[in-house]
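Heads up, the thing below is written out as structure tokens.
The values are calculated or read from the model by the stated rules, or taken from the named source; none is laboratory data. Quick caveat: nothing in here was measured; it's all calculated off a predicted structure. Here the Cβ positions follow ideal geometry from the backbone for every residue, glycine too, while neighbour counts run over all protein chains shown. Ligands, DNA and RNA are stripped out before the accessible areas are found, and what is left, the full protein with its side chains, is counted by its heavy atoms. Shrake-Rupley method; radii C 1.70, N 1.55, O 1.52, S 1.80 Å.
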Amino acid sequence: HTLEIGVYTGYSTLVTALALPKDGKVVACDINNTWIGIAYEYWKKARVHQKIDLRIQKAVITLQELIKEKHVFDFAFIDADKENYDNYYEACLKLVRRGGIILIDNTLWAGRVLDNKVNDVSTKTIKKLNIKISNDNRVKCILLPLVDGITLVRKE
């Protein structure tokens with residue numbers, strides 16, 4: 001069972017659904033219906049649409065619902081509004097099983113996290129989260145310098 005926060009055109013959702021066994025499920029969170037039509041077409045063509053539970057509302061609300069419902073996930077992928085990355089990370093720590101993986105995209109943020117002159121909310125949030133994760137004894141982590149930075153977190 002996997003969790004995806006931020007769907008956009010559904011490519012990563014598709015890849016994840018294809019990798020899952022027949023009874024696997026992806027809970028996919030997004031707030032924007034604009035691109036979901038494109039995503040759904042490809043999910044259907046690939047015959048994985050039945051594995052995807054798409055939830056259209058603010059992800060923080062969906063995550064709180066999933067926590068209340070006591071869902072447990074093996075894997076979570078965070079790639080949504082950067083301002084909420086810490087909220088998403090904390091929710092994923094409650095939802096992902098021990099030994100499960102959380103993958104966080106854009107953690108180098110085009111190098112802006114290394115530039116002290118850049119102080120917009122998104123950059124500051126990602127910078128703080130990177131430091132938090134590196135010091136978090138609840139997890140083991142590695143930041144991979146691929147594309148825009150990917151942080152791989154294993155829950156202890």
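Restricting attention to the range 56-84, and to residues there that are assigned to a loop (DSSP other than H, G, I, E, B) and open to solvent by 30 Å² or more (accessible area, probe 1.4 Å), which single residue is nearest to Leu14 (Cα to Cα)?
This residue is Asp79.
Restricting the search to the range 91-112, which residues are in a helix (DSSP H, G or I), buried (at least 16 other Cβ atoms within 10 Å of the Cβ), at pLDDT 95 or above and touching a helix residue (DSSP H, G or I) at 6+ places or on another chain (Cβ under 9 Å)?
Listed by number, the residues that qualify are Ala91, Cys92, Leu95, Trp109.
Quick one: in the range 119-144, of everything that is at pLDDT 95 or above and assigned to a loop (DSSP other than H, G, I, E, B), which residue is least open to solvent (accessible area, probe 1.4 Å)?
Of the range 119-144, the ones at pLDDT 95 or above are 120-144.
Filter once more, so that each one left must be assigned to a loop (DSSP other than H, G, I, E, B): 120, 135-138.
On the way: Asp120: 66, Asn135: 117, Asp136: 19, Asn137: 136, Arg138: 94 Å².
Among them, the one singled out is Asp136.
Across the range 23-35, which residue is surrounded by the most Cβ atoms within 10 Å (Cβ to Cβ) among those that are out of contact with any strand residue (DSSP E or B) (no Cβ under 7 Å at 6 or more places or on another chain) and either assigned to a helix (DSSP H, G or I) or modelled with pLDDT of 95 or more (or both)?
Once the filter is applied, the top-ranked residue is Gly24.
All but one of (1) open to solvent by less than 60 Å² (accessible area, probe 1.4 Å); (2) assigned to a helix (DSSP H, G or I) hold for Asn87, so report the exception by its number.
(1)
Touching a strand residue (DSSP E or B) at 6+ places or on another chain (Cβ under 6 Å), acidic (Asp, Glu) and under 23 Å from Thr123 (Cα atoms), is that true of Asp79?
The answer is yes for Asp79.
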